[in-house]
Each structure stands twice: as C-alpha cells, then as structure tokens.
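In what follows, a single structure is set out as structure tokens and then discussed.
Every number in this text was worked out from the coordinates using simple rules, so none of it is lab data. Note that the coordinates shown come from a computational prediction; the quantities given were computed from them, not determined experimentally.
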Amino acid sequence: MSSIYLLIPLSVILIGVAVWAFFWAVDTGQFEDLDAQARSILEDEDASRSGD
C-alpha cells in the first residue's frame, strides 16, 4: 500500500512531461510536413546529377 503513494505522483509527473513534450513538438513544427521524408525516397537521385 505504501508503494502506491510513490507510484501515483510519479505517474502524474510522467504524464505531465509527456503532455509538455507533445505541445513542445507541435509548437516547434515537428508535425508540419510528415510526408516529405516519405516522398524523398521515391525521388530519383540520378536525375539531379547531370555530369554522370
């Protein structure tokens, strides 16, 4: 029973850190363009090299 007095505040702190990290990521633009990296692997790199 005494461990619950430690685990509940720790879980509330962990949830608070997770919510803060999510809002920080949204504010800094981490979720602005999620498709750019997925499209970049489909582009042909050889087309940009004209000397080869």
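Using θ = phi - 60° in the Karplus curve 6.51 cos²θ - 1.76 cosθ + 1.60, the 3J(HN,Hα) couplings for region 9-26 round to x, 5, 5, 5, 5, 5, 5, x, 5, 5, 5, 4, 5, 5, 5, 5, 5, 5 Hz; x is entered for Gly and Pro. Rg of the Cα atoms in region 4-43, relative to 2.2 N^0.38 Å, amounts to 1.88.
Expressed in nm to one decimal, what extension gain is obtained for the pair residue 2 and residue 41 from 0.36 nm per residue of sequence separation less their Cα-Cα distance?
Length gained between residue 2 and residue 41: 8.7 nm.
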